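I have placed the structure first, in the form of structure tokens, so that the comments after it can refer back to it.
The values are calculated or read from the model by the stated rules, or taken from the named source; none is laboratory data. Note that the coordinates shown come from a computational prediction; the quantities given were computed from them, not determined experimentally. Every residue, glycine among them, receives a Cβ derived from its backbone with ideal geometry; neighbour counts consider all protein chains shown.
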Amino acid sequence: FTTFPGSPKWRETNLTYRIVNYTPDLPKESVDSAIEKALKVWEEVTPLTFSRRSEGEADIMISFAAGEHGDFYPFDGPGQSLAHAYPPGPGFYGDVHFDDDEKWTLGPSGTNLFLVAAHELGHSLGLFHSDKKEALMYPVYRLSTSPAQFQLSQDDIDGIQSLYGPHPSSDATVVPMSSVSPRPETPAKCDPALSFDAVSTLRGELLFFKDRYFWRISRWNPEPEVNLISAFWPSLPSHLDAAYEAHSRDSVFIFKGNQFWAVRGNEVQAGYPKALHTLGFPPTVKKIDAAVSDKEKKTTYFFVEDKYWRFDEKRRLMDKGFPRLIKDDFPGIEPQIDAVLQAFGFFYFFHGSSQFEFDPNARTVTHTLKSNSWLLC
Amino acid sequence: YPLHGAVRQDHPSMDLAQQYLEKYYNFEKNEKQVFRRKDSSPIVKKIQEMQKFLGLEVTGRLDSSTMDVMLKPRCGVPDVGG
């Protein structure tokens with residue numbers, strides 16, 4: 001079994017669910033009972049309990065939709081993707097979507113709603129996919145028994161109990177679950193002296209790297225979420241130097257010392273790390289301080305001490321006429337930059353616990369802020 | 001389906017395989033693909049990754065058991081890079 005990166009789980013054990021709409025394939029009562037049975041599968045082996053809500057927001061919002069339905073994963077007509085679900089968390093996290101282009105049934109023909117619901121609810125509770133073919137959390141649909149005889153595999157049980165522990169009534173010795181509180185050595189996000197190692201965007205989110213951790217902020221989950229870098233990218237080092245997103249390539253490039261890595265989502269790309277000089281830096285450059293890529297111009301700026309280089313993302317070559325002095329082209333920005341972020345048409349230069357908002361058109365610093373202003377302090 | 005050597009890009013199973021790997025294995029969309037059995041080619045590595053993840057025999061080729069799995073309905077959550 002595996003869990004999602006960072007092992008997100010529900011802190012509460014009394015969870016709520018809501019069936020937002022129904023498929024025309026089945027009577028409402030049949031959908032209700034299939035969902036209840038699917039929840040019961042997980043209830044029986046964990047301390048979790050589920051109560052139904054008929055309106056308003058619930059932890060697990062269950063709905064049927066076809067094709068494009070408002071998230072990053074449009075459905076694809078009959079077959080292929082049957083449904084999907086999001087790991088525990090606020091907003092759309094935890095929610096389950098069923099592809100209504102499938103033929104939903106309660107039996108062996110068509111697509112069995114109970115079986116798919118049980119699998120997707122496993123995702124809602126924090127389980128990712130398993131490579132055990134007999135496991136419920138194996139990604140390929142396979143109706144091997146009738147729903148009445150269905151049983152979780154040991155792999156599924158081990159997985160969910162690694163997150164929540166066993167059902168209270170089971171004789172297994174209950175290991176008290178420490179309340180999920182931030183790890184003691186997590187950097188304090190509202191420390192006025194907080195500085196960052198690197199900052200980058202990633203598929204619409206903002207990532208702030210510090211030591212072994214990073215904060216993750218998105219429009220759909222404004223509360224900053226802190227994770228270990230190793231939880232998402234096990235082969236990456238900590239205490240990074242720089243990071244930037246090349247949007248056109250759906251890749252984030254991450255720098256430390258004279259090496260850099262490329263990641264796509266939470267997958268480190270093969271063939272990395274590569275050496276800095278492969279980008280066109282002279283051998284004298286042993287590390288970089290910061291990097292940012294201009295999304296429209298497909299141009300990346302690398303900052304090293306008091307100089308900066310400009311890199312053409314289309315040709316993947318360094319532009320001629322560089323390096324240039326930072327102070328000549330970015331008046332008001334002092335050397336030794338920690339990180340740079342492009343947002344709202346501005347460049348945000350991070351320098352220790354201070355942050356400088358720079359207007360590239362007016363070529364002037366328009367605001368000075370605290371570095372951790374993005375973390376809602 | 002030539003077991004050794006290049007497979008033409010327009011072979012129908014290539015489209016299905018490429019789409020499957022893009023959807024569930026974070027395979028880069030605009031990679032120009034020749035399904036030549038070169039162990040280092042990106043598509044072969046992605047096929048091997050899929051085979052390993054799903055407990056299939058790791059051949060790096062679109063053999064029948066791999067194609068069977070690609071044709072089966074499944075969960076829409078990507079196995080890699082979601």
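Considering only residues of segment A:77-86 that are within 8 Å of chain B (Cβ to nearest Cβ) and in a loop (DSSP other than H, G, I, E, B), which is nearest to B:MET70 (Cα to Cα)?
The initial filter retains those residues of segment A:77-86 that are within 8 Å of chain B (Cβ to nearest Cβ), namely A:79-85.
Right, trim to in a loop (DSSP other than H, G, I, E, B) and you get A:79-80, A:82.
Numbers: A:GLY79: 11, A:GLN80: 8, A:LEU82: 13 Å.
Filtering first and then ranking leaves A:GLN80.
Quick test of your reading of the structure: A:GLY89 fulfils all but one of (1) in a loop (DSSP other than H, G, I, E, B); (2) farther than 22 Å from A:GLY6 by Cα; (3) not acidic (Asp, Glu). Name the failing condition by number.
(2)
Out of everything in segment A:223-273 that is surrounded by fewer than 17 Cβ atoms within 10 Å (Cβ to Cβ) and of a type in the set (Ser, Thr, Tyr), what residue ends up being nearest to A:PRO5 (Cα to Cα)?
Of everything passing the filter in segment A:223-273, A:SER230 is nearest to A:PRO5 (Cα to Cα).
Residues in segment A:217-234 that are part of a loop (DSSP other than H, G, I, E, B), away from chain B (no Cβ under 14 Å) and free of Cβ contacts under 8 Å to residues at least 40 places away in the same chain: how many? It would help to see each step written out before you state the result.
Here is the first cut: in segment A:217-234, the residues part of a loop (DSSP other than H, G, I, E, B) are A:219-220, A:233-234.
Now narrow it down to the ones that are away from chain B (no Cβ under 14 Å): A:219-220.
Among the residues that remain, those that are also free of Cβ contacts under 8 Å to residues at least 40 places away in the same chain are: A:219.
Matching residues across segment A:217-234 total 1.
Please specify each residue of segment A:34-69 satisfying the condition of being away from chain B (no Cβ under 14 Å) and either in a loop (DSSP other than H, G, I, E, B) or over 30 Å from A:GLY165 (Cα atoms) (or both).
Within segment A:34-69, A:GLU44, A:VAL45, A:THR46, A:PRO47, A:LEU48, A:ARG53, A:SER54, A:GLU55, A:GLY56, A:GLU57, A:ALA58, A:ASP59 qualify.
Do we find a residue being assigned to a loop (DSSP other than H, G, I, E, B) and more than 26 Å from A:TRP10 (Cα to Cα) anywhere in segment A:109-123?
So the first thing to find is which residues in segment A:109-123 are assigned to a loop (DSSP other than H, G, I, E, B), and the list is A:109-110.
Subsequent filtering for residues that are more than 26 Å from A:TRP10 (Cα to Cα) retains A:109-110.
Checked against the condition, which is being assigned to a loop (DSSP other than H, G, I, E, B) and more than 26 Å from A:TRP10 (Cα to Cα), segment A:109-123 yields at least one hit.
Within segment B:54-82, take every residue that is surrounded by fewer than 19 Cβ atoms within 10 Å (Cβ to Cβ) and in a helix (DSSP H, G or I) and give me the one that is farthest from the other protein chains (Cβ to nearest Cβ).
This residue is B:SER64.
Among the candidates A:ALA58, A:ALA34, A:ALA38, A:ALA83, single out the residue that is of a type in the set (A, V, I, L, M), closer than 27 Å to A:GLY265 by Cβ and in contact with a Phe, Trp or Tyr (Cβ under 6 Å, 6 or more places away or on another chain). Spell out the reasoning first.
Details: A:ALA58 fails: closer than 27 Å to A:GLY265 by Cβ; A:ALA34 fails: closer than 27 Å to A:GLY265 by Cβ; A:ALA38 fails: closer than 27 Å to A:GLY265 by Cβ.
Criteria check complete, one pass: A:ALA83.
Among the candidates A:ASP156, A:ASP99, single out the residue that is within 10 Å of chain B (Cβ to nearest Cβ) and of a type in the set (Asp, Glu). Talk me through it step by step, then tell me what you get.
Numbers: A:ASP156 fails: within 10 Å of chain B (Cβ to nearest Cβ).
Only one candidate passes the filter, namely A:ASP99.
Restricting the first residue to segment A:52-81 and requiring it to be more than 11 Å from A:ILE19 (Cβ to Cβ), which pairs with a second residue that is part of a strand (DSSP E or B) and of a type in the set (Val, Ile, Thr) meet a Cβ separation below 7 Å and a spacing of at least six or different chains?
Correct list of pairs: A:ASP59/A:THR16.
With the condition kept exactly as written, say whether any residue in segment A:66-83 is within 24 Å of the chain's Cα centre (by Cα), at pLDDT 95 or above and under 29 Å from A:SER170 (Cα atoms).
Among the residues of segment A:66-83, not one is within 24 Å of the chain's Cα centre (by Cα), at pLDDT 95 or above and under 29 Å from A:SER170 (Cα atoms), which makes the answer no.
Just checking, does segment A:11-24 include any residue being out of contact with any Lys or Arg (no Cβ under 6 Å at 6 or more places or on another chain), closer than 28 Å to B:GLY55 by Cβ and touching a residue at least 40 places away in the same chain (Cβ under 8 Å)?
no
Which residues, taken from segment A:51-78, are surrounded by 20 or more Cβ atoms within 10 Å (Cβ to Cβ) and of a type outside the set (A, V, I, L, M)? Walk me through how you get there before you give the answer.
Our first condition is that a residue be surrounded by 20 or more Cβ atoms within 10 Å (Cβ to Cβ); within segment A:51-78, this holds for A:58-62, A:64, A:75.
Selection gives A:ASP59, A:PHE64, A:PHE75.
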